[in-house]
Amino acid sequence: MRKEMMRLALEEAARSGGDVPVGAVAVCGGEVIAAAHNEREAAGDPFAHAEMLAMRRACEKLGRRRLRDCTLYVTLEPCPMCAGAMMMAELGACVFGAYDPRQGCCGSVYDLPHDPAFFHRVACTGGVMEEECAEQLRTFFEKKRT
């Protein structure tokens, strides 16, 4: 199921247009309940990360703010803002593809969802379809440089 959901997140990332291709899908009860891609450039909104949008849409669909029984699949390791939002939403789990050695806060630079200073912990698993996720990002940045 992890690869199937990550493939959906990759498809969502491909819709990012001129933004960094990151996609996310929120799954609850084995069903995709929300999907999103980065919309920061299109919306002119620094908070419009794929993870934030997918979690917001999941909360709207479920009619509640807690996502304890949901898993978020995202193509890139969440940044500090998104990792914090996962904790505040009490997300059940996060599965991500590529690690982010510059800003990743689910194990790379920092492990915010497991910091004992905070009330809620989020189970995080990285490296699912890592090469495919990283390749999508590499291709985007290579095209941007040329």
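Within the accessible area of the chain, the carbon and sulfur atoms contribute 53%, probe 1.4 Å, all protein chains present.
When the Kirkwood hydrodynamic radius is evaluated over all pairs of different C-alpha atoms of the chain, what value in angstrom, to one decimal, is obtained? Each step should come with its number before you reach the end.
Details: mean 1/r = 0.0676 Å⁻¹.
It is 14.8 Å.
Placing unit charges on each Cβ (+1 for Lys and Arg, -1 for Asp and Glu) gives the range 1-142 a dipole about its Cα centre, and among F141, M81, Q103 the Cα reaching farthest toward its positive end belongs to M81. Values of log10 I(q)/I(0) for the range 77-146 across q = 0.15, 0.16 Å⁻¹ run -0.50, -0.56, by the Debye formula with one identical scatterer at each alpha carbon and no solvent.
Per residue, the chain exposes 51 Å² of accessible surface when a 1.4 Å probe is rolled over the protein heavy atoms with every protein chain present. Once divided by 2.2 N^0.38 Å, the Cα radius of gyration of the range 51-94 becomes 1.01.
The mean of 1/r over all distinct Cα pairs in the range 15-82, once inverted, gives the Kirkwood hydrodynamic radius of 12.0 Å. In the chain, the longest principal axis of the Cα atoms and the axis of helix 130-145 are about 50 degrees apart.
The values are calculated or read from the model by the stated rules, or taken from the named source; none is laboratory data. Not measured: the values here are computed from a predicted model. When we count neighbours, we look across all protein chains shown, and the Cβ atoms used for this are built from the backbone with ideal geometry, even at glycine. The area values use the complete protein model at the heavy-atom level, side chains included, leaving out ligands, DNA and RNA. Shrake-Rupley method; radii C 1.70, N 1.55, O 1.52, S 1.80 Å.
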